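Report on one structure; see the data block that follows.
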Amino acid sequence: MAAAARPLEPDADARAAMMAAVTAHAERFLEGLPERPTYDGAGGGAPPVFAETPGAIETALAHIARHIEDPGIATASGRFLGYIPGGGLFHAALGDFLAAVSNKYAGFTPAAPGAVKLENSCVHFLAQTVGFPATAGGSLTSGGSIANLAAIVAARDARDPKGGGAVYSAPTAHHCVDKALRIAGRAEAPRRTLPVDANYRIDAAALDAALAQDRKDGVRPWLVVASAGTVDTGSVDPLDDIADICARHDVWMHVDGAYGGLFMLCPEGRAALKGIERADTLAVDPHKTLFLPYGTGAVLARDGRTLRAAFSATADYLTEFAAHDDISPSDLSPELTRHFRALRLWLPLQLTGVAAFRAAQSEKIALARYMHARLSEMPGWDAGQPPDLSVLAFRYRPATGDIDAFNGRLTKHLQDQGRAFFSGTRIRGRVHIRAAILSFRTHLEHVEEALAVLNEAARALEAE
Ligand SMILES: *Cc1c(COP(=O)(O)O)cnc(C)c1O
């Protein structure tokens, strides 16, 4: 039996051969990335089925290249401007590799005190970045949706244990907030939909009025959800004003900063996000604004005890077999066994320095402003609102015909063409093209190319 199980334990030579093949494969992918189409409509073929006997790594890599890396959107490309997460830092991939090799158990402090210290220091770095006090706590999650869910559960346990409290949010809030309320058993909570201004930011005076009205009517306000960068336009709600209002009405302030929150690392972001540090809970996404590969979000609470109250649990088989000062990540989140996520966050910051991240963020904001300025000058284009951060929504106004239908066709045409990837959305019901500039690989030449592609495509479609 041991002999038959032997393939599970490759020796040093076999490991070196696999590493060499994987490294060569990754290099081919990265070297080809600048020329790679941003979209490939092929479906992705079925993987080879599992055989009883060992397969060659070449066969596996060939499948990965042709049927996994090629089809769909090239999210790692500098010309991918479609949805918010892009990137995939190489250093982070090495962190993932090392985390999987040692397979340290990062959920429970006595099992891996150093791994937990690393995770807690990463959480501390994120909390400090957003301006939270030393009493803050948090946990690395798989993404922003789970971070928002964890925050809403903490808010529920702290302020709405029996239900009935009202929730205040704008139509611009991410749909994961509704999902989180549903999962948290608050689908039936009284909901107040807040109006937004011309820049798609929550109207703070309307929030104040809604809270006062509910108090007058005997409804207990529970939770205000604001956005630090909405998904459609990157709009930042007036966080400082909202914090004043929440303090006055004694309501929980949750900020969804999955897209924008970590722009607090750069000066332009700090100017746009003033007041974020006053939130009770905050969701952020290092797999967006810190350019990490998918699978890293974080929930932060200004008082870390609120997360602990919501998620700590004990079991007889998990005894604290060693003394330590560090709280276990499993006491701050619904997960127990989990990927050692901190290594993919820590290694890039350690190897490149924080300044490189700060500079990349400032560059993205500058590129978005530049793109908006250029679109404003280009004949036929409606550039939309100036970006608060690095997302733009704009549209073309053809000389004749239906504007919505034209922009829908234009978005599809651009996507199929594969030179630069844009997404489409509806703003106040009207079809817009959306550019999210958030890849560390996107630079001025990519934005210039994107602008040229937009112009050429609009003219071509208009001429049809
Ligand atoms: C991306 C995003 C989310 C969801 O985060 P995931 O990491 O995709 O789960 C929530 N809110 C906003 C504003 C986002 O941009």
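The values are calculated or read from the model by the stated rules, or taken from the named source; none is laboratory data. Here the structure is a predicted model, which means the values were calculated and not measured. Backbone-built Cβ (ideal geometry, glycine too); neighbour counts: all protein chains shown. In case anyone asks, the SASA skips ligands and DNA or RNA and just uses the protein heavy atoms, side chains included. Shrake-Rupley method; radii C 1.70, N 1.55, O 1.52, S 1.80 Å.
Does segment 288-299 hold any residues that are over 12 Å from G257 (Cα atoms) and open to solvent by 10 Å² or more (accessible area, probe 1.4 Å), and which are they?
P293, Y294, G295
Could you count how many residues in segment 283-319 are in contact with a Phe, Trp or Tyr (Cβ under 6 Å, 6 or more places away or on another chain) and charged (D, E, K, R)?
2
Looking at segment 80-96, is at least one residue surrounded by 15 or more Cβ atoms within 10 Å (Cβ to Cβ), in contact (Cβ under 8 Å) with a residue 12 or more places away in the chain and over 23 Å from L262 (Cβ atoms)?
Scanning segment 80-96, I find no residue that is surrounded by 15 or more Cβ atoms within 10 Å (Cβ to Cβ), in contact (Cβ under 8 Å) with a residue 12 or more places away in the chain and over 23 Å from L262 (Cβ atoms), so the answer is no.
In segment 125-154, which residue that is more than 16 Å from the ligand (Cβ to nearest atom) and small (G, A, S) is surrounded by the fewest Cβ atoms within 10 Å (Cβ to Cβ)?
A134
Go through (1) within 22 Å of Y200 (Cβ to Cβ); (2) among the acidic types (D, E); (3) assigned to a helix (DSSP H, G or I) one by one and return the number of the condition D388 breaks.
The number of the failed condition is (3).
May I ask you to say which residue of R270, R278 is touching a residue at least 24 places away in the same chain (Cβ under 8 Å), away from the ligand (no atom under 12 Å from the Cβ) and surrounded by fewer than 22 Cβ atoms within 10 Å (Cβ to Cβ)?
R278 is the lone residue from the list that is touching a residue at least 24 places away in the same chain (Cβ under 8 Å), away from the ligand (no atom under 12 Å from the Cβ) and surrounded by fewer than 22 Cβ atoms within 10 Å (Cβ to Cβ).
Answer yes if at least one residue in segment 50-57 is open to solvent by 80 Å² or more (accessible area, probe 1.4 Å) and either within 16 Å of the ligand (Cβ to nearest atom) or in contact (Cβ under 8 Å) with a residue 12 or more places away in the chain (or both), and no otherwise.
Yes.
Taking interchain pairs and intrachain pairs at least six residues apart, which have beta carbon atoms under 6 angstrom, with the first residue in segment 441-457 and over 16 Å from N407 (Cβ atoms) and the second aliphatic (A, V, I, L, M) and assigned to a helix (DSSP H, G or I)?
From segment 441-457, the pairs are V447/L367; V447/M371.
From the set of residues in segment 200-234 that are over 22 Å from the mean Cα position of the chain (by Cα) and within 21 Å of L389 (Cα to Cα), which is most open to solvent (accessible area, probe 1.4 Å)?
Only one residue tops the list, namely D203.
From (1) at pLDDT 95 or above; (2) surrounded by fewer than 24 Cβ atoms within 10 Å (Cβ to Cβ), pick out the condition that doesn't hold for A283.
(2)
Does segment 419-438 contain at least one residue that is buried (at least 18 other Cβ atoms within 10 Å of the Cβ) and in a helix (DSSP H, G or I)?
no
Which of the strands (runs of 3 or more DSSP E) contained wholly in segment 166-263 include at least 3 residues that are within 16 Å of the ligand (Cβ to nearest atom)?
221-227, 252-257
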